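What follows is a short report on a single structure.
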Amino acid sequence: MRFSPALEEGRLIQRYKRFLADIETADGERLTIHCPNTGSMFNCMMPGGRVWFSRSNDPKRKLPGTWEITETPQGRLACVNTARANRLVEEALMAGVIAELAGFTALKREVAYGQENSRVDFRLDYPDGPLYLEVKSVTLGFDDTRVAAFPDAVTQRGARHLRELASLAREGVRAVLLYCVNLTGIDAVRPAAEIDAAYASALVEAVAAGVEVLAYGVKLTADEVCIDRSLEIHLTESRPISPVPLG
């Protein structure tokens, strides 16, 4: 997926009120842009760090741009626009990049399902039945390891999705959780039990119920982003970290 229009580079001044970020462009212009990320973005941004954003000329928009990529304190690049994850996964599915999910005959987006009024990101239909696929965007990394973690803040919604997938799996329906790791320099992903112990427990329970867990990494530059490789899953690794600011 190439970024279109081409991204512009700037420097982060601050992120605040969760959905706003002040930046300074290479030409010295100061802008407030949209931050399309509901998480804490812990270990994913730093004042003065490089950012890349898409600019919009739509007169109906309140803000002139959208934050797409950030430079992390570890020197990695992270795609912080969480809406990109589903598009990347769909692109990879259609191209046959995700080998474990190949062979489907139809793809539907945002399908209602489950007992807790949830919507799954994708339903894939196969000759022998449907598959329900939930996608999570991962951007949390650390200085001394190539293992990313999810989530970066407490997520009751994420735990609910795991319960819904587990219920399907117990009924014999194929259910899959896919971590789209939008962070360079990563070889594996794990649950961030030190941030959300309930989510980590729900993940272990979901796997025990038969939910499949996949992780895929991306090729990410200021010009393009695409899913390009399978990553390892570490279900039980955890480590102490500092409190997570919500920004």
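The values are calculated or read from the model by the stated rules, or taken from the named source; none is laboratory data. Bear in mind that the values here come from a model prediction, so they are computed numbers and not experimental data. Virtual Cβ from ideal backbone geometry, glycine too; neighbours counted across all protein chains shown. Each accessible area value is taken on the protein alone, full model and side chains, heavy atoms only, with ligands, DNA and RNA left out. Shrake-Rupley method; radii C 1.70, N 1.55, O 1.52, S 1.80 Å.
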Legend entry - Subset of segment 78-93 that is in contact (Cβ under 8 Å) with a residue 60 or more places away in the chain and among the small types (Gly, Ala, Ser) - its residue that is surrounded by the most Cβ atoms within 10 Å (Cβ to Cβ): 78
Inset, instruction - Could you figure out which of (1) modelled with pLDDT of 95 or more; (2) of a type outside the set (A, V, I, L, M, F, W, C); (3) crowded, with 17+ Cβ neighbours inside 10 Å isn't true of residue 247? - result: (1)
Legend entry - Single residue of 75, 96, 39 found to be open to solvent by 30 Å² or more (accessible area, probe 1.4 Å), within 25 Å of residue 146 (Cβ to Cβ) and either more than 15 Å from the chain's Cα centre (by Cα) or at pLDDT below 95 (or both): 75
Inset, instruction - Would you point out which residue out of 81, 86 is outside any helix (DSSP H, G or I) and touching a strand residue (DSSP E or B) at 6+ places or on another chain (Cβ under 9 Å)? - result: 81
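If I ask for residues that are assigned to a strand (DSSP E or B), open to solvent by 10 Å² or more (accessible area, probe 1.4 Å) and either farther than 18 Å from residue 236 by Cα or in contact (Cβ under 8 Å) with a residue 60 or more places away in the chain (or both), which ones from segment 163-215 would you list? If you could, list the steps in order and put the result at the bottom.
Of segment 163-215, the ones assigned to a strand (DSSP E or B) are 174-181, 183, 188-191, 212-215.
Those left that are additionally open to solvent by 10 Å² or more (accessible area, probe 1.4 Å): 174, 212-214.
174, 212, 214 - these are the residues of segment 163-215 that are assigned to a strand (DSSP E or B), open to solvent by 10 Å² or more (accessible area, probe 1.4 Å) and either farther than 18 Å from residue 236 by Cα or in contact (Cβ under 8 Å) with a residue 60 or more places away in the chain (or both).
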